[in-house]
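The values are calculated or read from the model by the stated rules, or taken from the named source; none is laboratory data. As the structure is a computational prediction, the values presented were derived from the model and not from experiment. Neighbour counts are summed over all protein chains in view; Cβ atoms, including those assigned to glycine, are modelled from backbone coordinates with ideal geometry. Each accessible area value is taken on the protein alone, full model and side chains, heavy atoms only, with ligands, DNA and RNA left out. Shrake-Rupley method; radii C 1.70, N 1.55, O 1.52, S 1.80 Å.
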Amino acid sequence: MKKYWKLTLTLTGIIVLFITFTLQKDRPIKELPQYSFNTVEGDSSLLDDLQVIGDTYDMQYNTYTEFKLTEQSFEKFELLPFYKQEAYQYLPNAIEKLKKEDKNFMRQKSFDDLYDINEDYAAFITLSFSGVWYNYNELKVDIKDRKKDEYKEFTLNVKEDLQLNDITLDQMLIVEDYLYLTVTDYNATEDLYDEDIHLLTIDMEEERVIDSQELAHISDDGTGEENYEVDFVHNEEGSQAAMALYYWGEHERELEKVIYFSGNNEKQVLDVSEGDLAAVADDYLIFVNYENGKSSVDFYSLTEEKFTEHIHLDEYHFVDNTVIEKDILYFTAVNDEIETKAALFAYDLYTFEPLYVGEIVPSKTDQRYAMSISALEFIH
Amino acid sequence: MIEVKHIQKKFGRKTVLKDISFHAKEGHITCLIGINGSGKTTILKSIMNLMSVNRGEILIDGHQFTEAMYEKVAYVPDVLTMPLHMKIKDVFQFMRDFYKSWNDQRADELLTFFKLDKNERLKNLSKGNLAKANMLFGLALDVDYILLDEPFSGIDMFSREQIANVFTTDLVEGRGVILTTHEIHDIEYLIDEVVLLNNGFVVNQFNVEQMREEQGKSIVDVMREVLV
Amino acid sequence: MFRLLNFEFNRIFKLLVGLSIGVFGIQLISVIISTISYKESVIESNLREGMTLQEIVETYGLFEAYYITLNNLFFLPVGICAGVILFSIFFIWYRDWAGKNTFMYRLMMLPQSRMTIYYAKLLTIMITVLSLAFIQYLYLYIYAIVAKLILPSQYIGSLNPSDMISQSSLQVILAPDTLLFISAYLIGTLFVMMMFTLILLERSYKFVGLLIGGLYLFVIASLIIGFIVHQYIFNPYPYFYKTELVIIAILAWLILTLITFIWNRHLMKRKITV
């Protein structure tokens, strides 16, 4: 045995250290708290297909991970094996679904690109440069007709087809056969700096731009103190949608314009100037408001063209992650500004009565752990 | 019996062994004689399966070579086969670990015979002692055949004498020996069989005793006839 | 088998010990430099300027795992080890042919399968590599202690070795994902086997063998590099999904390992000479 001591010692060392390494390597992530639902009132079967995506953060040691919470399970992204981490975070459910449905269409597409998916179509838009000197940019539009299971792609030249100069992409949305896209167009000369936000309407059947409308104009020295932000929402089927244009002044966001899209490329500008656009459902546009320390969810009736219903929250603030599933509105809110505890609500869209109120509670209540929720999703 | 049948060996375009056939019996000392570069070492390596041949076959007691044959045939090349930093007793341990046929008692006898020190490192040995040690590592194996490549070249007279003497003791006797040499003067009296090589062919294989009795010729006489 | 492995390993053990000590020495200096310069430039200079302890921590953060490997000197010995390992892949074979003694005679005349020699040498290299990787891991614990000795405890954040690895290039040798870790060393083993092919070819066919081996490695390397370039360089996102890439990698590894192994075995058993 004596003559084997070097090899024996080395092999033992390797095995012991490998085990230690394997057990220790995820410790910082494992130490981050787990989360679970705590039903306060209502029927917890409403959570059956729901998954909550959020992140948890250790402020003292700078460790961070995304997590996925369902009624039955809890997992941390950083603990998944590497081949399950397709991107640096959980992919949106729509992308995951489309990947399962059609792997080839989703190749080399990323959720960093602009995309939208409804019942009939999936569309991706990328901005690329072409030409000998890479001097003019093009929009590449990838479309999948989900009903016919057909792909197509076409390019639109920014200068010739869009009559714009130098753009960046903002947001996009599809409603029936139409694709809506907002872009920021830059025109800079020595003493002039112009930014225009345009809403483009692209007919996906005819593969061309049928409308271009200027939403806002910024003319300053380019310091970016003035800014606009666009947000799109659509219903589950993708037959109705709405767009909100916000103006960022100093520290404050103001709702400047709301456009409602129904089928057949019909656009209607609505007279709303308060709140944040959150969702659209049949007869209502849903806004959230936060004023004087109170949060509310407000329902704008599309038939009556005014706010008709309100849900007021007392203990919780900052309504976010609104999602509608089977005529029930789900959303989250937090109990204080540190966001150590979040709550999940479900409201009936006919009666506006609460169906479910629950908390998302951490397994550790230490002040150094922070949590925030980034999405509510339904898995089908 | 070791039988070499029609072997051919090429190195690149050069055919070193063209058609070699001979046999070596157990209990006999067979000597491969040829000028430098006549392929003596190549034949020994081929027998030991240290080199593949292009054609022909080699049988040991009627069997093809397998790895287990290394317990049956030992080869002492003209260079040392153990790392220089090792002590002689380390080599003994190594051989004991790997060979069933290693004979400790015989190793010790040979050590005494060659007047070598067990605790000496190989790198501190003189050239003659190194050759003796190298031979010892082969002879101490309980094998039926021993192949020796130029056991007498490049060493001093007294060492040569000592090595030659070992062939007449029971440390070697009874086993089959194949040795190569390019000059046979001092060892002529040891040899039973001679295989004369030239230009890649076996020119003659004969029994020394028989040759002397029947034709009255010594090895050198035959060599002169054939090679000059 | 185990005996020959033990024999080969004992022959390389001194080198392993030497490297381990060298790595520790140089990295210790690097860690001490990083820590002292943090103490000097962040803590003491700001205290002189009248900042409070609390303010310093708020402005600059705590001294964390990241700082341990910050100095480039830290990775110098890792690079040296890689070079020495690459050298020893060749050395472990050629030393048995070179010099006044030709140990290869003895090795090839051992009454056991020729492949035992091959396995012993391959395993010796792999054990040496793994030893160095894990001893690096062990050292990280020591560096954490060293930093704690130099700096006041109020400034010390998390000095978890796992963080030192995941926040630096050390993750190349100690991949935090178990599957990646195992893959890395399996690919490493394949690399060593391919180098062995080159050596065995040279030993069997001399210069011609070297040429064939070089060509073989060149073709394989071009295919792999070409694939990586195609996947990552010209495209914003790789064409294949990660799950598919894993399958491709496993298949490629299996095929190459099989080819290399069968070739090496043929060379070991039939072609190499002394």
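Quick look at the values:
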item	result
Only one of A:Thr12, A:Thr8 that is assigned to a helix (DSSP H, G or I), at pLDDT 95 or above and within 14 Å of another protein chain (Cβ to nearest Cβ)	A:Thr12
Odd one out for B:Arg212, checked against (1) of a type outside the set (Ser, Thr, Tyr); (2) open to solvent by 50 Å² or more (accessible area, probe 1.4 Å); (3) under 16 Å from B:Phe22 (Cα atoms)	(3)
Hey, C:Thr128 under 19 Å from A:Thr10 (Cβ atoms), hydroxyl-bearing (Ser, Thr, Tyr) and more than 14 Å from chain A (Cβ to nearest Cβ) or not	no
Flag for B:Leu130 being free of Cβ contacts under 8 Å to residues at least 60 places away in the same chain, of a type outside the set (Phe, Trp, Tyr) and facing another protein chain (nearest Cβ under 10 Å)	yes
Verdict on B:Lys18 being at the interface with chain C (Cβ under 9 Å from one of its Cβ atoms) and either open to solvent by 10 Å² or more (accessible area, probe 1.4 Å) or among the charged types (D, E, K, R) (or both)	no
Test: B:Ala164 is surrounded by 13 or more Cβ atoms within 10 Å (Cβ to Cβ), in contact with a helix residue (DSSP H, G or I) (Cβ under 7 Å, 6 or more places away or on another chain) and closer than 23 Å to B:Leu84 by Cβ	no
Residue in region A:51-68 that is more than 20 Å from A:Met371 (Cβ to Cβ) and away from chain C (no Cβ under 14 Å) present	no
Positions within region B:85-99 being under 20 Å from B:Glu71 (Cα atoms), more than 10 Å from chain C (Cβ to nearest Cβ) and open to solvent by less than 10 Å² (accessible area, probe 1.4 Å), in sequence order	B:Phe92
Qualifying residue in region A:81-103 (condition: in a loop (DSSP other than H, G, I, E, B), open to solvent by 70 Å² or more (accessible area, probe 1.4 Å) and within 11 Å of chain C (Cβ to nearest Cβ))	yes
Residue within region A:349-368 that is under 21 Å from the mean Cα position of the chain (by Cα) and among the hydroxyl-bearing types (Ser, Thr, Tyr) present	no
Unique match (being assigned to a helix (DSSP H, G or I), surrounded by 18 or more Cβ atoms within 10 Å (Cβ to Cβ) and either within 10 Å of another protein chain (Cβ to nearest Cβ) or not acidic (Asp, Glu) (or both)) among C:Leu217, C:Leu201	C:Leu201
Filter pass, B:Met1 being open to solvent by 60 Å² or more (accessible area, probe 1.4 Å) and in contact (Cβ under 8 Å) with a residue 40 or more places away in the chain	yes
All positions within region A:228-272 that are open to solvent by less than 80 Å² (accessible area, probe 1.4 Å), more than 23 Å from A:Phe378 (Cβ to Cβ) and part of a loop (DSSP other than H, G, I, E, B)	A:Gly249, A:Gly263, A:Asn265, A:Val272
Within region C:131-187, considering residues that are farther than 28 Å from C:Ile89 by Cβ and charged (D, E, K, R), the one nearest to the other protein chains (Cβ to nearest Cβ)	C:Asp163
First in region A:192-205 and surrounded by fewer than 20 Cβ atoms within 10 Å (Cβ to Cβ), second anywhere and acidic (Asp, Glu) and not in a strand (DSSP E or B), Cβ under 7 Å, 6 or more apart	A:Tyr193/A:Asp220; A:Tyr193/A:Asp221; A:Asp203/A:Asp177; A:Met204/A:Asp177; A:Glu205/A:Asp177
Of all residues in region B:47-65 being more than 10 Å from chain C (Cβ to nearest Cβ) and outside any strand (DSSP E or B), the one that is least open to solvent (accessible area, probe 1.4 Å)	B:Ile47
Yes/no for A:Gln34 being modelled with pLDDT of 90 or more, loosely packed, with under 15 Cβ neighbours inside 10 Å and more than 14 Å from every other protein chain (Cβ to nearest Cβ)	no
Considering residues of region C:135-165 that are without any contact (Cβ under 8 Å) to a residue 60 or more places away in the chain, in contact with a helix residue (DSSP H, G or I) (Cβ under 7 Å, 6 or more places away or on another chain) and open to solvent by 30 Å² or more (accessible area, probe 1.4 Å) only, the residue nearest to C:Val57 (Cα to Cα)	C:Tyr141
Members of region A:275-294 found to be within 14 Å of A:Glu305 (Cα to Cα) and not in a strand (DSSP E or B), listed by number	A:Asp282, A:Asp283
Per-region count, region A:153-191, residues open to solvent by 60 Å² or more (accessible area, probe 1.4 Å) and either part of a strand (DSSP E or B) or among the polar types (S, T, N, Q) (or both)	8
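Results for (1) small (Gly, Ala, Ser); (2) more than 9 Å from every other protein chain (Cβ to nearest Cβ); (3) under 22 Å from the mean Cα position of the chain (by Cα); (4) part of a helix (DSSP H, G or I), shown as yes or no for each residue.
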| site | (1), (2), (3), (4) |
| --- | --- |
| C:Ile33 | no, yes, no, yes |
| C:Ile36 | no, yes, no, yes |
| C:Lys39 | no, yes, no, yes |
| C:Thr59 | no, yes, no, yes |
| C:Leu76 | no, yes, yes, yes |
| C:Phe90 | no, yes, yes, yes |
| C:Trp97 | no, yes, no, no |
| C:Arg106 | no, no, no, yes |
